[in-house]
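The values are calculated or read from the model by the stated rules, or taken from the named source; none is laboratory data. If you're wondering where the values come from, they're calculated on a predicted model, not measured in any experiment. Using ideal geometry, Cβ is built from the backbone for each residue, glycine included, and neighbour counts are taken over all protein chains shown. Please note that ligands, DNA and RNA were not included when accessible areas were found on the heavy atoms of the full protein model with its side chains. Shrake-Rupley method; radii C 1.70, N 1.55, O 1.52, S 1.80 Å.
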Amino acid sequence: NVLFFALEDTPNRIQSRLKRFDAKANQNIGFKFEFKYQPENLILLQDIIQNNKINLVVIDTFSRFFPGADQNDHVQMVDALGNISKLAQDMNISLLMIDHHRKQQLGYSNDPIEDLFGSTGKSSQIDTCLGLYKDGGEYNYSLKMVSRDNPDIDLKLVLNPDDLRFRLIDDPNKIDPKTR
């Protein structure tokens with residue numbers, strides 16, 4: 001069961017995307033379009049996760065989930081992410097947080113950790129960081145992963161604009177079988 005905080009989207013946009021994905025109505029994905037993190041909201045979030053037997057929480061995007069937070073303030077970032085990370089660990093769920101990279105003119109480096117917008121305090125709280133980068137051409141991308149527990153990877157992908165799915169164009173044997 002998935003709880004998806006689509007904080008930069010509308011219900012109509014999500015519905016349109018799900019149709020393009022050919023998502024089935026019986027898939028267990030719940031959407032929330034408004035939520036503002038405050039420490040006291042952790043109890044509400046915990047109740048939602050427990051009552052709906054949620055296994056994965058997706059937060060899109062960091063900035064909308066933590067409104068008003070100073071992303072350049074190391075202490076604020078460690079505190080905010082520490083609380084939500086602890087909740088995920090205590091409840092034994094997966095947490096996927098979507099964030100933006102810094103803009104290219106501000107030191108874009110093609111490294112997902114170094115490209116996080118704001119303080120490095122964000123990166124101190126994550127286990128794995130994925131970065132999706134345009135890689136020449138309209139639909140060509142690179143997916144880069146930096147992880148505490150797995151080897152770094154850099155995969156070449158192509159986006160199919162009809163169904164919005166990425167396809168691997170690299171040699172699949174390039175991926176360590178232990179990390180698949």
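Worth pointing out:
- When each of K32/K53; K19/K122; K24/K134; K86/K122; K36/K122 is checked by Cα-Cα distance, pairs over 25 Å: K19/K122; K24/K134
- Kirkwood hydrodynamic radius over Cα pairs of the range 1-106, then Stokes diffusion coefficient at 10 °C and 1.306 mPa s, in µm²/s: 106 µm²/s
- If the Kirkwood radius is taken over C-alpha pairs of the chain, then at 20 °C and 1.002 mPa s the Stokes-Einstein diffusion coefficient equals 120 µm²/s.
- In the chain, the portion of solvent-accessible area held by carbon and sulfur atoms comes to 49 percent [1.4 Å probe, whole percent, DNA, RNA and ligands not counted].
- Ordering V57, L18, S119 by the projection of their Cα atoms onto the charge dipole of the range 1-124, which places +1 on the Cβ of Lys and Arg and -1 on the Cβ of Asp and Glu, puts L18 at the extreme positive end.
- In the range 61-101, inverting the average of 1/r over every pair of distinct C-alpha atoms gives 11.0 Å as the Kirkwood radius.
- Residues I14 and D79, FRET efficiency given R0 of 35 Å [Cβ-Cβ distance, rounded to 0.05]: 0.70
- Label-to-label distance, nm, for residues given as Y139 and R167 (7 Å Cα→Cβ offset): 0.8 nm
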